[in-house]
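All remarks here apply to the structure that follows.
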Amino acid sequence: MSKKEKLIKRLLSRPKDFTFEELVTLLGLLGYEPDKGGKTGGSRVKFVNTRSDALWQHRPHPGNILKAYQVKDVIDNLTERGLL
C-alpha cells in the first residue's frame, strides 16, 4: 500500500488526531501545493493544483491536530472533486 493510499485510508477513518502536516502531505500527493501568500496571510492556507482548483483550510493553533469539522470538510471537498 502506497503512502497516498495509507493517508487516504487514515483520513476516511475520520481520526481524531489527523495533523496539518499529514493534510499537507496528502494534498501534495493529490497534486495540490500551498499557495505562497503574503506574510499577513494568517492561519488560512490556500492549496492550489495545476487546474487552478483551490482548497482552503485553517492551520490549527495552538496545536497541530485538525478539528473534526475540518476532516469532514476535506473529505467532502476531495470527494466532490473525484479524488477520493
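The values are calculated or read from the model by the stated rules, or taken from the named source; none is laboratory data. The structure presented is a predicted model; accordingly, all values stated were derived computationally and were not measured. Quick reminder, even Gly has a Cβ in these numbers, built from the backbone with ideal geometry, and neighbours come from all protein chains shown.
Just for region 1-28: of the residues that are polar (S, T, N, Q) and exposed (fewer than 12 other Cβ atoms within 10 Å of the Cβ), which one is modelled with the highest pLDDT? Before the answer, list the steps.
From region 1-28, those polar (S, T, N, Q) are 2, 13, 19, 25; that's our starting set.
Filter again for exposed (fewer than 12 other Cβ atoms within 10 Å of the Cβ), leaving 2, 13.
Details: S2: 92, S13: 96.
If we take residues in region 1-28 being polar (S, T, N, Q) and exposed (fewer than 12 other Cβ atoms within 10 Å of the Cβ), then S13 is modelled with the highest pLDDT.
Output the number of residues of region 31-84 satisfying the condition of being among the basic types (K, R) and modelled with pLDDT of 85 or more. Steps first, please.
Of all residues in region 31-84, those among the basic types (K, R) come to 36, 39, 44, 46, 51, 59, 67, 72, 81.
Then keep just the ones that are modelled with pLDDT of 85 or more; that gives 46, 59, 67, 72, 81.
Count: 5.
Evaluate region 42-59: report whether one residue or more is in contact with a strand residue (DSSP E or B) (Cβ under 7 Å, 6 or more places away or on another chain), loosely packed, with under 14 Cβ neighbours inside 10 Å and of a type in the set (S, T, N, Q). Yes. Please tell me if Q70 is touching a residue at least 12 places away in the same chain (Cβ under 8 Å), assigned to a helix (DSSP H, G or I) and under 12 Å from the mean Cα position of the chain (by Cα). The answer is yes for Q70. Among the residues of region 29-37, is there at least one that is among the aromatic types (F, W, Y), surrounded by 11 or more Cβ atoms within 10 Å (Cβ to Cβ) and assigned to a loop (DSSP other than H, G, I, E, B)? Yes.
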